[in-house]
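Trainee: To start, I am sharing the structure in question, which I have written as structure tokens.
Every number in this text was worked out from the coordinates using simple rules, so none of it is lab data. Since this is a predicted model, take the numbers as computed values, not measurements. Positions of Cβ are backbone-derived with ideal geometry, glycine not excepted, and every protein chain shown enters the neighbour counts.
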Amino acid sequence: MTTDSAEPKYPEHTYLNDGYSLKSWLLTKDHKRIGILYLISITFFFALGGLFALLIRLELLTPQGDLMQSDTYNKMFTMHGIVMIFFFLVPSIPAVFGNFLVPIMIGARDLAFPRLNLASWYMYMAGAVFALYAIVSGGVDTGWTFYTPYSTAHADSHVISTAVGILIMGFSSIFTGLNFIVTIHRMRAPGMTWFRLPLFIWAHYATSLIMILGTPVLGITIALVGVERALGLGIFDPANGGDPLLFQHLFWFYSHPAVYIMILPAMGVISEVITCFARKVIFGYGFIATSSMLIAILGFFVWGHHMYVSSQSEYAGLIFSALSFLVAIPSAIKVFNWTATLYKGSITFEAPMLYVFGFIGVFTIGGLTGLFLAALGMDRHVHDTYFVVAHFHYIMVGGALMAYLAAMHFWWPKMTGKRYPEGLAMVGAIAVFVGFNMTFFPQFILGYLGMPRHYHEYVPEFQFLHIMSTAGASVLGVGYLIPGVCFLWSLIHGRNAGPNPWEAKGLEWTIPSPPPTHNFEEIPVVTEEPYQYTSEASSVRHS
Amino acid sequence: MSDTLNGQSRLAHHFVDLQQQKSAATLGMWLFLATEVLFFGGLFVAYTLYKLKYYEAFVAGSHELSITLGCVNTAILITSSLTMALGVYGAQTGRKAFACNSLLATLALAGAFLVVKYFEWSAKFEHHLVPGPDFQFDVTHAAAVVANPELLRIEHVKMFFILYYIMTGLHGIHVVAGIGVIAWLYTQARKGVYSAEYYTPVELVGLYWHFVDIVWIFLFPLLYLLGRH
Amino acid sequence: MSLDHILTPRAYLTVFFMLLVLTAVTVYVAFIDFGAWSTPVAMAIAIIKATLVLLYFMHLRYSDGLTWLVIVSSFIMLVALVLITLGDVFTRTMTTAPPALGM
């Protein structure tokens, strides 16, 4: 986008060169450095979760269980789910980009509670240690949902240490959400009114609400599973009149909104990137902002759609079904507004924008198949099949992860001050898109045909689709390596980015890249509405 | 936070003024208490569900608890809430000795609460009212206190005690944590860290302690006073 | 944001005595047979006590609207969680028999 050939100067004082010792990183209270700490940690867990996925896909190449036994396979998909959900997706965008950007975007020098922020990273790491201990000492096989009574009475694997790990990780998530809410309420720069906030901030505000109100319930639920196993206080134990469905209610009270913890920040990223590369004011700012809040609130009341076939009451099912259909509306509002933003924009196709296009298409498919599953009758047919697996991977991998990669490319120059190689990154984006769809689209068909999830063996008729899926996963895996190569390359050979390589709007682009330790020399005064992009090219084209 | 009494030096670099810093800290504490409501909330859901399903057993279990000790502990916690509020008042008005003494009284009352709790729990342990293989409960004796003895099941009484231990246990953990932070507060107050200009930590710990009191205000009738007529 | 509102010890003592009286009341009414209303009555007294603590000991009465919103929304979420869960459990058995398969 920049046409001038003179390379911008690299700033003298940045948060990155403000101390090089290990201590200056491990005891930092700088929200940007904590974001980087999170980036490194969650990248590790992404690789670990990816490794489990690889083993799962390899096993499924053939109809027989030739790579692993059913017990091992149970542990594989459990640990894939636990690592990817609790240790990658839930923290991903909020803990990395939220930490890095929330204060800068609202014109603050740091989050409200820097020490709590550092504590949240240490809690995450402490939770991670327990989870890793469970993994290396033999694994867990309950599924990431820990359904009782299997998890409390029958499972013969490391449930307690995993539960402790998730409990501690939950506190890290609560700390992050609490910090964001207080920061957004109390620390906006003068003139940064609520409706001048970037949509990324609205998305993180909504996400934080879920973290605050939902995570404690997961905490107590998972603690009760641990207590039941360790002390024999069987609160969900049918032998004492306990109700295993109570566990499911409490678990999904958090874990369904947790899906929105993963996707709302992603939607925030999409709103930022799409308006920049369409060079247009975002269409329907108010609708996108309020739809984030609506998703957060409505999302709390749909949890029972995970329990249609669990012997939940028919009436509860009916209500949950209706509410689940309702929650699709705010999501659709966002997609329509993004599309309308593109209309008559001067669109360019840099890597972040390619990920955004990927996101919109894939998320739409993921969202619409969600409606299939919200319908009581259809769900009975495809419940616990690969249709469900494909659906939520379309949301979480196709949606959340692609937005995460869009954010990585979009803000990488801001975080490091370096440009990545655009051509290679675009190849990466295309590989991810193709690989993703090849992996998961066949799973829709598999599920519809009746392939159940959680099985390491299957009838030979399904093999063709499974081979396709595994082949796609290989493309996807390579696709994920390409951005890694780009970013590492950029650290050594990348051109200096300058403060605003994308000519984007927003306070984060008004300060040097990488930013200095305290972000702003003087707290900025905000005088204009967000996303005031002027599309010179398009005005020439249409005049 | 620095130990100097000059207000400005307590301003962390990222806040504009002390007012902003204080309002951020207070909002943070209230948000934390909101998470606590839902953390205990999971247990209240379980309690409500099982109490409605197994009312007879819950009445029978409740009769095993001592109303006297429950009342004493309620009074102790309410008094400790009062002394905590007075501690905040002392800090607000710059009365150092008054604030310190109030915090000390709060600590003593919190300790007394735990002592009473200890005696209650150990009495239950002696009577084998502990869920587990040794659980013993005289159903025929309990049948006298419930309206529909034919609905009374020993395993449901067990569920009552499971909830009793987990709920009072989690509350007790909060009391212990409260003792920790109030003790820290006391040492700081002794050093003269707090003044009429700066007393946010006292105020925030006070909020936490009152919340612990509120939890008990609900636990007491739910666990001790079922079907007493 | 008027947290700086300072209540007098006399006000705290008044609230304290009201809390003690309400504790006595809740014990007293526990021995009266209200039938199905026993728990609601006990809960109503507990809510009044908690409200007193919130309003005066915790200064909620002198706090801004946001603080109210935080604490009220947490209670609303808790009540929703309880009611929806109970709504499922106690309608589970009220199921209509599936129509016979016409074979």
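Trainee: Let me confirm one metric for peptide B:65-73, namely the mean number of other chain beta-carbon atoms within 10 Å of its residues' beta-carbons.
Mentor: Shielding by partners across B:65-73 averages 1.
Trainee: Do you know the relative contact order of chain A, to the nearest whole percent, from alpha carbon pairs under 8 angstrom that are 6+ apart?
Mentor: 20
Trainee: Using helices alone, I'd like the mean residue ellipticity at 222 nm for chain B: each DSSP H run of four-plus residues gives -39500 (n - 2.57), total over residue count, nearest 500.
Mentor: -25500 deg cm²/dmol
Trainee: Could you tell me which residue out of A:Gly98, B:Ala123, C:Ile6 lies farthest along the dipole of the protein assembly as shown toward its positive end? Charges go on the beta carbon: Lys and Arg +1, Asp and Glu -1, centred on the Cα centre.
Mentor: C:Ile6
Trainee: When you have a sec, figure out the Kirkwood radius of the range B:100-209 from all distinct Cα pair distances and drop it here in Å to one decimal?
Mentor: Taking the inverse mean of 1/r over all distinct Cα pairs, the range B:100-209 comes out at 17.0 Å.
Trainee: Continuing with this model, one more query. Binned at 10 Å from 0, what are the whole-percent values of the Cα-Cα distance distribution for the range A:186-280, short to long?
Mentor: Once binned at 10 Å, the Cα pair distances of the range A:186-280 give 14, 30, 23, 16, 11, 5, 0.
Trainee: What is chain C's relative contact order, in percent, from Cα pairs under 8 angstrom and six or more apart in sequence?
Mentor: Numbers: 30 pairs, mean separation 34.3, N = 103.
Relative contact order for chain C comes out at 33 percent.
Trainee: Nearest 10 degrees is fine. How inclined is helix B:18-53 to the longest principal axis of chain B, computing both from alpha carbons?
Mentor: 0
Trainee: Round to the nearest 10 and give me the degree value, 0 to 90, for the angle of helix A:70-82's Cα axis relative to the longest principal axis of chain A.
Mentor: 30
Trainee: In addition: Let me understand the range A:22-542 better: what is its radius of gyration from the alpha carbons, and its Dmax, in angstrom?
Mentor: Rg and Dmax of the range A:22-542, Cα atoms, are 22.5, 76 Å.
Trainee: For peptide C:67-78, what's the mean number of Cβ atoms from other chains within 10 Å of each residue's Cβ?
Mentor: Other-chain Cβ atoms within 10 Å of each residue's Cβ, averaged: 6.
Trainee: Can I ask one more? Per DSSP helix of 4 or more residues, -39500 (n - 2.57); summed, then divided by the residues of chain A. What does that give at 222 nm, rounded to the nearest 500? List each step's numbers first, then the result.
Mentor: Working: 17 runs with 335 residues, N = 543.
Helices in chain A give a 222 nm mean residue ellipticity of -21000 deg cm²/dmol.
Trainee: Quick one: which of A:400-410, B:84-94, A:490-500 comes out on top by average Cβ neighbours within 10 Å, and what's the full order, highest first?
Mentor: On the way: A:400-410: 26.0, B:84-94: 23.8, A:490-500: 16.6.
Ranked by mean Cβ neighbours within 10 Å, highest first: A:400-410, B:84-94, A:490-500.
Trainee: Enter the mean projected area of the convex hull around the alpha-carbon atoms of chain B, in nm², rounded to one decimal.
Mentor: 13.9
Trainee: Please sort A:63-69, A:173-179, A:285-291 by packing, taking for each peptide the average over its residues of neighbouring beta carbons within 10 angstrom, highest first.
Mentor: Details: A:63-69: 13.7, A:173-179: 28.0, A:285-291: 19.4.
So the peptides A:63-69, A:173-179, A:285-291, ranked by packing, come out A:173-179, A:285-291, A:63-69.
Trainee: Oh, and also: Mind listing the Cα extents of the range A:408-451 along all three principal axes, in Å, largest one first?
Mentor: For the range A:408-451, the Cα extents along the three principal axes come out at 50, 19, 9 Å.
Trainee: Note the count of lysine pairs whose C-alpha atoms are less than 29 angstrom apart in the range B:53-224, limited to pairs 8 or more residues apart or on different chains.
Mentor: 6
Trainee: Taking A:Lys414 as the anchor, which lysines have their alpha carbon closer than 25 Å to its alpha carbon, excluding any fewer than eight residues away along the same chain?
Mentor: Excluding near neighbours in sequence, the set is A:Lys9, A:Lys23, A:Lys29, A:Lys32, A:Lys280, A:Lys505.
Trainee: With angles folded into 0 to 90 degrees, how steeply does helix A:463-493 sit against the dominant principal axis of chain A? Use alpha carbons for both and round to 10.
Mentor: Compared with the principal axis, the helix lies near 30 degrees.
Trainee: Could you give me D for the range C:9-63, from Stokes-Einstein at 4 °C and 1.567 mPa s, where the hydrodynamic radius is the Kirkwood radius over C-alpha pairs? Units µm² s⁻¹, please.
Mentor: 108
Trainee: Taking 8 Å as the Cα distance limit and 6 or more residues as the minimum spacing, I'd like the relative contact order of the range A:1-136 as a percentage.
Mentor: Here the relative contact order equals 34 percent.
Trainee: Here's a follow-up. Counting residues in the protein assembly as shown as N, plug N into 2.2 N^0.38 Å and put the Cα Rg over that result.
Mentor: For the protein assembly as shown, the normalised Cα radius of gyration is 0.99.
Trainee: Take every residue in peptide A:184-192, count the Cβ atoms of other chains within 10 Å of its Cβ, and give the average of those counts.
Mentor: Partner-chain Cβ atoms within 10 Å, mean over residues of A:184-192: 3.
Trainee: Still on this model: Summing +1 for each Lys or Arg and -1 for each Asp or Glu, what net charge is found among the other residues whose Cβ lies under 14 Å from the Cβ of A:Lys75? Spell out each step's value before the answer.
Mentor: Details: positive: none; negative: A:Glu59, A:Asp71, A:Asp141, A:Asp156.
Overall, the nearby charge balance is -4.
Trainee: Between B:Gln20 and C:Thr14, what is the label-to-label distance in nm when each label sits 7 Å out along the Cα-to-Cβ direction?
Mentor: Taking the simple label geometry, B:Gln20 and C:Thr14 are separated by 3.8 nm.
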